[in-house]
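Asker: To start, I am sharing the structure in question, which I have written as structure tokens.
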Amino acid sequence: MTSSVPAVDIRSVDGSALQAVLLDMDGTLVDTEGFWWDAEVEVFAELGHALDEAHREVVVGGPMTRSLGHLISVTGTDATLAELSALINLRFTELIGRGVPLMPGARRLLTELAAHEVPTALVSASHRRVIDTVLVSLGPEHFAFSLAGDEVARTKPHPDPYLLAAARLGADPARCVVIEDTPTGVRAAEAAGCRVVAVPSIAPIGPAPGRTVVGSLEHVDLSFLRSLVTDAY
């Protein structure tokens, strides 16, 4: 696990109130949520349990401990959480090893943020091995650093990952915009005090104060992100 990431001292390049953009990975930048479900279905099938599609919305976007806890409960499997976690992470890594598709608008947005030198971090509940695999498709050069779920004591829906990412960038969480696709990630970002752009993938997300819901990253650009963080906020 490579969690030793130095702090990055940042200032708003253009003097705007926006100090940093923090992005979720699975379902937000890359279309991997289906891969996670496929991995879970395959592993549980090998253990003799068929997963009902109805459980998909329950487990999407959550930390693996919560997701697997639910699936263990509904299937009654004898496998432990640690065993299942190892098996599913391995299967998922195998599935994405040949590359993953980016979500519409993701490449353009990352390129624009980099071109304007906006401090950007990848903040995911996925494990480091998974993130490093996906970064081959995303391009690690687009991020100051990435933060994995197994590099924090408490991952999403706790605010810890986003608080840590903001701190490493030297940014005020209130002047950061988080882009997320699940209710779990949105709760983590809002608990950290960040402005949130929700791009729902599988589970629906409703509007709320400090939260903007859009249908696709194709509707998100730097001007839009800057408009969400004002000096009065």
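Asker: Can you tell me which of Val178, Val196, Val186 is part of a helix (DSSP H, G or I) and of a type in the set (A, V, I, L, M, F, W, C)? If you could, list the steps in order and put the result at the bottom.
Answerer: Details: Val178 fails: part of a helix (DSSP H, G or I); Val196 fails: part of a helix (DSSP H, G or I).
Answer to the check: Val186.
Asker: For Leu84, work out the one condition from (1) open to solvent by 30 Å² or more (accessible area, probe 1.4 Å); (2) part of a helix (DSSP H, G or I) it doesn't fulfil.
Answerer: (1)
Asker: Would you check which residues across region 21-40 are in contact with a helix residue (DSSP H, G or I) (Cβ under 7 Å, 6 or more places away or on another chain) and part of a strand (DSSP E or B) and list them?
Answerer: Going through region 21-40, the residues in contact with a helix residue (DSSP H, G or I) (Cβ under 7 Å, 6 or more places away or on another chain) turn out to be 21-22, 24-27, 29-30, 32, 35-40.
Residues satisfying the conditions are Val21, Leu22, Asp26, Val30.
Asker: Could you list, ordered by first residue, the pairs with Cβ atoms under 9 Å in which the first is in region 194-214 and on the phi > 0 side of the Ramachandran plot and the second is crowded, with 19+ Cβ neighbours inside 10 Å and of a type in the set (Lys, Arg), at least 6 apart or interchain?
Answerer: Correct list of pairs: Gly210/Arg195.
Asker: Separate question: Only one of Ala153, Ala167 is surrounded by fewer than 20 Cβ atoms within 10 Å (Cβ to Cβ), at pLDDT 95 or above and farther than 20 Å from Gly34 by Cα; which?
Answerer: Ala167
Asker: Give region 46-70 a look and list any residue that's more than 18 Å from Ala125 (Cα to Cα) and either basic (Lys, Arg) or part of a helix (DSSP H, G or I) (or both), or say none.
Answerer: Glu46, Glu53, Ala54, His55
The values are calculated or read from the model by the stated rules, or taken from the named source; none is laboratory data. What you see is a predicted model, and the numbers here were worked out from it, not measured in a lab. Heads up, the Cβs are rebuilt from the backbone with ideal geometry, glycines too, and the neighbour counts pull from every protein chain shown. Just the protein is used for accessible areas: all its heavy atoms, side chains included, with ligands, DNA and RNA removed. Shrake-Rupley method; radii C 1.70, N 1.55, O 1.52, S 1.80 Å.
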